[in-house]
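Note sheet for the following structure.
What follows draws every value from the coordinates through simple rules; no lab data is involved. Quick caveat: nothing in here was measured; it's all calculated off a predicted structure. Using ideal geometry, Cβ is built from the backbone for each residue, glycine included, and neighbour counts are taken over all protein chains shown.
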């Protein structure tokens with residue numbers, strides 16, 4: 001105990017311990033492969049990771065027809081850096097995630113020291129150490145750290161904690177405000193949740209009586225200016241939440257659009273009531289996951305709608321309100337601040353519950369920054385209880401048990417994220433009635449040549465009771481066709497690609513694969529008509545995708561068959577510019593070596 005006490009008292013030694021402990025605890029993720037979105041975002045799209053694109057990412061060109069929803073140039077820049085350093089290596093990308101997380105834990109530690117000193121707590125350092133240790137081991141962070149695409153939350157958290165730390169320190173050293181503004185800006189450019197920084201520091205300043213200082217006017221003018229600039233840059237090319245909301249509300253009751261105005265108002269009222277209920281229920285689930293972080297699920301497919309969830313959520317809200325008011329009246333403040341931190345930083349994620357912005361209405365990675373408030377409260381209470389001699393042993397025992405259990409759960413959960421196969425096997429067990437986990441599990445099974453099992457998963461996803469969208473069904477049917485290409489059953493493959501086209505005629509990949517089928521038929525002895533049909537489908541694919549290197553390369557091969565070397569080389573050049581995997585890139589380069597008379601390899 002004395003060794004631990006000495007460690008806690010020495011801040012920089014404590015910070016080093018937290019960094020090393022967090023790095024070691026999450027080091028199993030270094031062996032992980034790319035999973036889920038990583039495959040498309042990184043391993044198949046690395047051609048877009050060019051440093052020359054960074055400025056255009058930060059200052060996007062004006063786009064009237066906005067489609068993209070995520071304006072996160074700092075995340076993109078980190079991906080460019082990883083790609084330049086490691087190439088398409090999962091190890092390098094996971095190493096960056098791990099380093100970002102370890103730094104976040106250290107910054108969280110110093111942030112808590114500053115906050116508790118601002119609230120004039122004599123035990124700020126030990127409480128900060130325990131809080132940071134809890135933050136380090138909390139199992140809810142596995143998704144953000146072990147999944148490369150989850151680094152949005154880790155990067156945002158790192159700059160968010162630094163911004164809050166600098167804000168608190170700037171009350172003593174005004175020049176630190178420059179670092180606060182810079183950190184806040186980087187947090188905003190990492191993820192949208194950073195907009196809550198303004199509310200967090202406002203709550204701190206109110207509770208610590210710092211808002212009455214004249215310098216606060218300068219601070220908040222700068223913060224608001226940065227936020228306005230961010231919203232302007234984002235609004236140039238990215239969809240705003242308000243625009244998504246209008247689309248959702250306007251389309252919630254198509255059956256009464258032609259009815260009376262009263263019927264429409266009733267319908268909207270029902271929608272708003274249902275949305276409020278979902279917000280309460282999802283908040284309850286999120287808080288439950290913070291307190292009891294077991295049975296985690298990477299794909300939370302729906303928000304519970306049962307009335308007892310809503311009743312429990314209302315009761316919880318009442319308790320939190322009473323405790324917060326008591327904390328403020330007694331001028332203890334830390335408890336109120338911790339609770340408000342959780343609720344404020346969680347609020348942007350609740351928008352996803354109401355508006356269909358992401359593939360799931362809830363996600364555990366959204367708790368990365370909100371968990372800081374929970375860990376602050378728990379660490380603070382453990383130290384406060386431990387200051388009473390008769391309860392000191394109880395507090396130590398409880399703290400050790402929580403850290404040990406959380407660490408074990410964290411290590412175990414990382415095994416699920418090691419590859420797509422284990423991730424989607426786990427997700428299908430926990431979300432068996434949503435089609436997407438089954439489709440993704442089918443893809444993972446296909447990748448290991450377990451084709452029979454893959455077909456079963458795809459067909460489960462296509463069951464009517466799964467209620468998948470036309471687009472989702474099209475993707476699944478397209479994947480089924482790919483299985484039959486691998487097993488060289490081209491007639492079944494063609495049949496499923498046509499089914500995919502029936503489900504969603506706008507799915508460009510379906511046309512590409514139909515073009516591939518007819519190209520294969522031509523290679524197997526078909527007539528010139530098969531190549532013509534292949535060209536027709538490939539052109540349709542390119543009508544849907546401006547950049548589709550594989551389609552251009554296949555067109556180049558068709559033109560070679562037809563003896564049109566000029567067209568073949570032109571398509572090969574386009575394919576290279578559009579981006580290709582390394583093996584296909586070599587094929588395109590070989591086509592460019594052919595002279596216009598057709599000689600060469």
- What Rg and what Dmax come out for region 442-505 when only alpha-carbon atoms are used, in angstroms? 11.0, 31
- What residues from region 200-216 fall in the zone where the backbone N is under 19 Å from a label point 7 Å along the Cα-to-C-beta line of residue 325? 207
- At a Förster distance of 45 Å, what's the computed FRET efficiency of residue 400 paired with residue 218, Cβ-Cβ distance as r, to 0.05? 0.50
- Message: 7 Å from Cα along Cα→Cβ at both residue 523 and residue 211: what's the point-to-point distance in nm?
- Response: 6.8 nm
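Could you work out the mean projected area of the convex hull around the alpha carbons of region 518-601, in square nanometres to one decimal?
On the way: hull surface 20.9 nm².
That works out to 5.2 nm².
Could you calculate the contour length gain from residue 81 to residue 27, that is, 0.36 nm times the residue separation minus the distance between their Cα atoms, to one decimal place in nm?
Numbers: separation 54, 0.36 × 54 = 19.44 nm, distance 2.07 nm.
17.4 nm is the gain from fully extending residue 81 to residue 27.
Working out 0.36 nm times the residue gap between residue 492 and residue 415, then minus their Cα-Cα distance, what length gain in nm do you get to one decimal? Each step should come with its number before you reach the end.
On the way: separation 77, 0.36 × 77 = 27.72 nm, distance 3.61 nm.
Stretched out fully, the residue 492 to residue 415 stretch lengthens by 24.1 nm.
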- Sticking with the crude label model, points 7 Å out along Cα→Cβ, report the distance from residue 316 to residue 347 in nm, one decimal please. 1.8 nm
- Query: Relative to the longest principal Cα axis of the chain, at what angle does helix 370-386 sit, 0 to 90 degrees, rounded to 10?
  - Reply: 30 degrees
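Calculated from DSSP H runs of 4 or more alone, at -39500 (n - 2.57) each and per residue, what is the 222 nm mean residue ellipticity of the chain, nearest 500? Could you put the intermediate results ahead of the total?
Details: 27 runs with 418 residues, N = 601.
Counting only the DSSP helices, I get -23000 deg cm²/dmol.
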- Query: Relative to the longest principal axis of the chain, what angle (0 to 90°, nearest 10) does the C-alpha long axis of helix 420-430 take?
  - Reply: 70 degrees
- Message: I need the calculated FRET efficiency for the pair residue 172 and residue 232, taking r as the beta carbon distance and R₀ as 41 Å, to the nearest 0.05.
- Response: 0.80
- Message: Between region 402-423 and region 201-240, how far is it from one alpha carbon centroid to the other, in angstrom?
- Response: 37 Å
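Would you mind putting 340-348, 424-432 in packing order, based on average other-beta-carbon counts within 10 Å, highest first?
Working: 340-348: 21.3, 424-432: 18.2.
Result, highest mean Cβ count within 10 Å first: 340-348, 424-432.
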- Task: Report, in cubic angstrom per residue, the convex hull volume of the C-alpha atoms of the chain.
- Result: 185 Å³
- Taking the Cα atoms only, what angle lies between the long axis of helix 261-291 and the longest principal axis of the chain, rounded to 10 degrees? 70 degrees
- Message: On a full-extension model of 0.36 nm per residue, what is the gain between residue 61 and residue 225, subtracting their alpha-carbon distance, rounded to one decimal in nm?
- Response: 57.0 nm
